[in-house]
1. Run lengths n ≥ 4 of DSSP H only: what is the helix-derived mean residue ellipticity at 222 nm for chain B, with -39500 (n - 2.57) per run over all residues, to the nearest 500?
2. Of A:LYS254/B:LYS297; B:LYS235/B:LYS262; A:LYS91/A:LYS298; A:LYS235/A:LYS262; A:LYS91/B:LYS112, which ones are farther than 23 Å apart at the Cα?
3. Label position 7 Å from Cα toward Cβ: report the copy-to-copy distances for B:GLY89 in nm, one decimal, ordered from shortest.
4. Can you tell which of A:ALA300, A:ALA79, A:ALA240 shows the greatest fluctuation in a Gaussian network model of chain A with Cα springs below 10 Å?
5. Just to be sure I understand the model, the point goes 7 Å from the Cα along the line to the Cβ. What's the resulting A:ASP205 to B:GLN135 distance in nm?
6. Counting other C-beta atoms within 10 Å, which of B:SER257, A:SER328, B:SER16 has the fewest, and how do the rest follow?
7. Which of the aspartates and glutamates could a cross-linker bridge to B:LYS148, judged by Cα under 16 Å and excluding same-chain residues fewer than eight apart?
8. Local charge sum around B:GLN192 (other residues, Cβ-Cβ under 13 Å, Lys/Arg +1, Asp/Glu -1)?
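Just so it is clear, none of the values below were taken in a lab; they were calculated from the coordinates. All figures in this text were calculated on a predicted structure; none of them were measured in a lab. Note that we place each Cβ from the backbone using ideal geometry, even for glycine, and neighbour counts take in every protein chain shown.
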Protein chains: 2
Amino acid sequence: MTSIKDIARLAGVSPSTVSRVLNERAYVRSEVRQRVLDIVREQGYVQNHVARSMVLQRSFTIGVVIPYLFNMFQRQLFASMEFFLEQHGYKTQFFFLRWSDSSEQAFLRRLKGETLDGIIFIHELDNPLIYRYIQERGLPVALCTFEKQEFGFPAVHIEEEASAELAVEYLIRRGHRTIGLITGEHFSFGRQREDGYKKALAAHDIPYTPELTVRVPAYNPEAGRTGMLTLIKRKQPLTAVFAATDELAIGAIKALSESGLKVPEDVSVIGLDDIDISAFTTPGLTTVRQPIFEMGKKSADLVCEWIARGRMQGRTELFTATIVERESVRTLQ
Amino acid sequence: MTSIKDIARLAGVSPSTVSRVLNERAYVRSEVRQRVLDIVREQGYVQNHVARSMVLQRSFTIGVVIPYLFNMFQRQLFASMEFFLEQHGYKTQFFFLRWSDSSEQAFLRRLKGETLDGIIFIHELDNPLIYRYIQERGLPVALCTFEKQEFGFPAVHIEEEASAELAVEYLIRRGHRTIGLITGEHFSFGRQREDGYKKALAAHDIPYTPELTVRVPAYNPEAGRTGMLTLIKRKQPLTAVFAATDELAIGAIKALSESGLKVPEDVSVIGLDDIDISAFTTPGLTTVRQPIFEMGKKSADLVCEWIARGRMQGRTELFTATIVERESVRTLQ
DNA sequence: ATAGCTTCTGAAAAGGTTTTCATCTAGTGA
DNA sequence: TCACTAGATGAAAACCTTTTCAGAAGCTAT
């Protein structure tokens, strides 16, 4: 591998000068600059990132932490982040977490050895030590889909509770009063969306029926399917179901059709997220849209802004969720 | 940040000894070893990866290159790779490519500056310089979903052509003789699957009708939808459609139902890939299964094996594709 | 002629690790 | 007692950059 020294030797200058040329510093005679540049091109020389990171004490890398699941929602979010992070001149380093406390600890250890310039969290982690560590180290960070009041990290998210309310409200407005809920056991958004469901019911004087709620261990279609199957088996009459995420909703629709029930004729289904695929199910999934792409962009912007211009205290970017009407909800009567 | 020198000072030994302890080398008195270990734990010290990469000339990072698209198929593949790469002790570094020649050139430049230990390519890149560079540098590599005979890189893939044949054959066996094809313009697999389609027709003496083929510029549901719409508009009678990927098939089903055509009663649809979601569409998508998870694992294993034990010449791992029967294909008569 | 700037350049240090080489100590066998 | 070996340790070099500092050269103003 050719190094800066080779270029220096070939150009008859010192490594310092080559470095100055490469980093577009002043104080290099234009004639020398040109000679160096020519040799660089000729030799196909590229700076060694590792050595650069070493001396600069920065890696030009942003970590993106995704706990446990890597579903369609996160794929879209991640793709968006990666795109804008690259535009800002940063590489993206993935951190998939697995489902365990030891995984979060392992992540923390790993984090300490990593020279990241910043970090984005998708979904909330259980281990508070991680946030505390980030705080102490002063690592630029952005939270995506949740916030952490006590730390005042910049965050981008929708009003989870209000968005769920919006979905259930939509159902109620269309005459539904026996509404099932399928949500996941994990993550703050699952709880918040459940709260939103309850709040909407309460606002319309509909008593909360525990038998209409089912909590599943994941947020994928398969979990939605088994959740819906459970609900059907309970024989609690219902005319509609709110699934806490679109993937859950897609699984629910599958379970309904497997059970000979038509959507939306027999049971209406509404989701939350509006992932790509929701526009392509049959029937098209009525859902609440989270502006995923924009949220990914904003998260990227926030970390980069912190890096470039220093920390801004307690900045939260709230996105609004909106109903997307497709064909999976029927108006009663 | 505490460094190895701090630990050395605290333990009253030299950095060399600490390094030996950390890397589990011999020639350290067990008493000293324990003292160092205690201080390391106490101080929460972790090795600095950048410095380590610098001196070791390896990064413990495998690059995964994904051209242009980042769809559901690739998400699953990527998740699988990341999982097994981590098991092998490697980090995963993403390289998303955009749709242009300059993007591939930019990638090549970037690649030169990167200290990767290995690289996995998902889908074939157009720019041959990239493979030549990899070859010259002797960088361990694995190809996933395609192969490059002239370079003899280890590769894992299915027989694209034969798999497509399998799908079309399945249709023909069920009495279909006017079969549409929706495929993408780009990537070798698109062309190969088209060849498979033609071959299956030829094998059953069905003349190839160009009007039944439509080529779309992407491999996502939206492209599948517009592709199907085009096919419908052409008014060329057909009883079945082979979509080159499941995402295309999902879009095709959507277009059919939008046009008042029922699947599979009016038109049968078969895909290829068997991505997660295909089990959850209504009707369930009949498709040809590519063992995505296993292929991801194998790719990871191959690069790691090359790194650990040196290059194995021209090793190709062929996976077999199998029909997955669900509800989107009807038997005629 | 001298002092004081500006522009340009190179030597050397720094960044945090690993590894080679040299040295020292203790133990073994003659 | 004397070589010799094995075990344990530290000093220093190396990995490849960037940046600071110092010095040289050329100019301007006194």
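1. Values: 12 runs with 151 residues, N = 333.
Calculated at 222 nm, the ellipticity per residue is -14500 deg cm²/dmol.
2. Working: A:LYS254/B:LYS297 29 Å; B:LYS235/B:LYS262 16 Å; A:LYS91/A:LYS298 16 Å; A:LYS235/A:LYS262 16 Å; A:LYS91/B:LYS112 15 Å.
As for pairs spanning more than 23 Å Cα to Cα, those are A:LYS254/B:LYS297.
3. Distances to the matching label points in the other copies: 3.5 nm.
4. Highest fluctuation among the options: A:ALA79.
5. 7.9 nm
6. Values: B:SER257 20, A:SER328 27, B:SER16 12.
Lowest to highest Cβ neighbour count: B:SER16, B:SER257, A:SER328.
7. B:GLU124, B:ASP126, B:GLU136, B:GLU159, B:GLU160, B:GLU161, B:GLU317
8. On the way: positive: B:ARG191, B:ARG193, B:LYS198, B:LYS199; negative: B:GLU124, B:GLU147, B:GLU159, B:GLU160, B:GLU161, B:GLU165, B:GLU194, B:ASP195.
Once all neighbours under 13 Å are counted, the net charge is -4.
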